[in-house]
Amino acid sequence: MSDLIRLEQVEKRYANGTQALKGLTLAIREREFVSFLGPSGCGKSTALRMIAGLAPVTAGRIDWPQTPAGSDHAHELSFVFQEPTLMPWAVVFDNVWLPLQLKGMSRAQARPLVEAALANVGLAAFAQVYPRELSGGMKMRVSIARAMVTRPKLLLMDEPFAALDEMTRFKLNNDTLRVWQEFGFTTIFVTHSIYESVYLSSRIVVMGRRPGRVIADIAIDEPYPRGDAFRTTPRYSQWCIEVSNALHGAGAADT
């Protein structure tokens, strides 16, 4: 697999002098599922926003090796935020249609893509329902459907399941992996959860406390698909311990 995106000595410093990221260097390959794991305030979400072009880089560079320099990469990526950010006045179909509509695609043209996206997250029967009629988990599924309806090369997910109950979170973890395997887009997933990162990821980037930087880069050498049974295996426990030790070591190094 070739590199889809590269971060070279990326730094982020805010106007008040706070340095969020320092010397962040890593490469993300095609079809990887990479989790950014670290303590609160270590710059995980900031890194994600800079990759998305939603925040400027203070120093260093972010390269897309497969596309010409200066290209607009907005059409190659989608973002799932911590909150579903749905339009409350629009039904589910129209919320998912939105990114295609912004590209000039009519409702009729978009219909098969929107219906397929909703089917992939188990919401085919809810196309004409308003967000207020949905549970928190269902709203997040709509957000995921909206993000993937454009078939992006890169899917960015910023703690999308943090506010959900554990059973719903497990279900959406499974849905996310299934869709990722089906469409093969690269995914970068921000989380505070060691257990979630091990379950989902082909690779975990452990970040140290502010200013954020890479402390450990751990490849989770386990096959996909992964089901709920994987969470009960000794291998899963061993990976969680290894990642936990790396995260603990990152914290200890900063004290």
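The values are calculated or read from the model by the stated rules, or taken from the named source; none is laboratory data. Remember, predicted model here, so these are calculated numbers, not experimental data. Because the Cβ atoms are built from the backbone with ideal geometry, glycine has one as well, and the counts that use them run over all protein chains shown. Ligands, DNA and RNA are excluded from the accessible area calculation, which covers all protein heavy atoms including side chains. Shrake-Rupley method; radii C 1.70, N 1.55, O 1.52, S 1.80 Å.
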Review point. Angle between the Cα long axis of helix 234-253 and the longest principal axis of the chain, 0 to 90 degrees, nearest 10?
Key: 60 degrees
Review point. Mind checking the dipole of the chain: about its Cα centre, +1 per Lys or Arg Cβ, -1 per Asp or Glu Cβ, Debye to the nearest 20?
Key: 340 debye
Review point. Using a Gaussian network model of the chain with C-alpha springs under 10 Å, which one of 38, 23, 208 is most mobile by mean-square fluctuation?
Key: 23
Study note, to complete from the structure: Everything considered on the Cα gyration tensor (a ≥ b ≥ c; rounded for a/c under 1.5, else prolate if a/b is larger than b/c, else oblate), the range 1-73 must be described as oblate
Check your understanding: Considering the chain as a Gaussian network with a 10 Å cut-off on Cα pairs, which listed residue, 224, 199, 14, attains the greatest mean-square fluctuation?
Key -> 14
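Roughly how big is the range 6-66's charge dipole about its Cα centre, with Cβ charges of +1 (Lys, Arg) and -1 (Asp, Glu), in debye to the nearest 20?
120 debye
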Practice item. Step through the residues of the range 157-168 one at a time and calculate ³J(HN,Hα) from phi using the Karplus curve (6.51 cos²θ - 1.76 cosθ + 1.60, θ = phi - 60°), rounding each to whole Hz and writing x for Gly and Pro. Key: 10, 9, 6, x, 10, 4, 8, 9, 5, 4, 5, 5
Point to revise | Crossing angle, helix 92-102 versus the chain [Cα axis fit, 0-90 degrees, rounded to tens] | key: 70 degrees
Practice item. Would you mind telling me the share, in percent, of accessible area of the range 110-232 contributed by carbon and sulfur at probe 1.4 angstrom? Key: 54 percent
Review point. For the range 160-176 and the range 98-144, what is the separation of their C-alpha centers, rounded to whole Å?
Key: 18 Å
Check your understanding: Around residue 156, what is the net charge, scoring Lys/Arg as +1 and Asp/Glu as -1 over all other residues with Cβ under 14 Å from its Cβ?
Key -> 0
Review point. Taking springs between alpha-carbon atoms closer than 10 angstrom, which of 172, 86, 102 fluctuates most in the Gaussian network model of the chain?
Key: 102
**Study point:** Calculated diffusion of the range 63-180, Stokes-Einstein form, Kirkwood radius summed over Cα pairs, 25 °C and 0.890 mPa s, µm²/s
**Key:** 166 µm²/s
Revision key, fill the gap. Of the candidates 66, 99, 155, the farthest towards the positive dipole end of the chain (Lys/Arg Cβ +1, Asp/Glu Cβ -1, centred on the Cα centre) is 99
Check your understanding: Among all the lysines, which ones have a C-alpha under 17 Å from residue 12's C-alpha, if same-chain residues fewer than 8 places away are not counted?
Key -> 22, 44
Check your understanding: In degrees from 0 to 90, rounded to the nearest 10, what is the angle of the helix 136-148 Cα long axis to the longest principal axis of the chain?
Key -> 90 degrees
**Study point:** For the range 85-237: accessible area per residue (Å², 1.4 Å)
**Key:** 44 Å²
Study note, to complete from the structure: Checked against the structure, the computed mean projected area of the Cα convex hull in nm² among (i) 29.0; (ii) 14.5; (iii) 15.8 is the one labelled (ii)
Practice item. Provide, for q = 0.19, 0.23, 0.26 Å⁻¹, the log10 of I(q)/I(0) from a solvent-free Debye sum over equal Cα point scatterers in the range 168-240. Key: -0.83, -1.16, -1.38
Exercise for review: May I ask for the net charge around residue 30, where only other residues with Cβ less than 10 Å from the Cβ of residue 30 are counted and Lys, Arg are +1 while Asp, Glu are -1?
Suggested key: +1
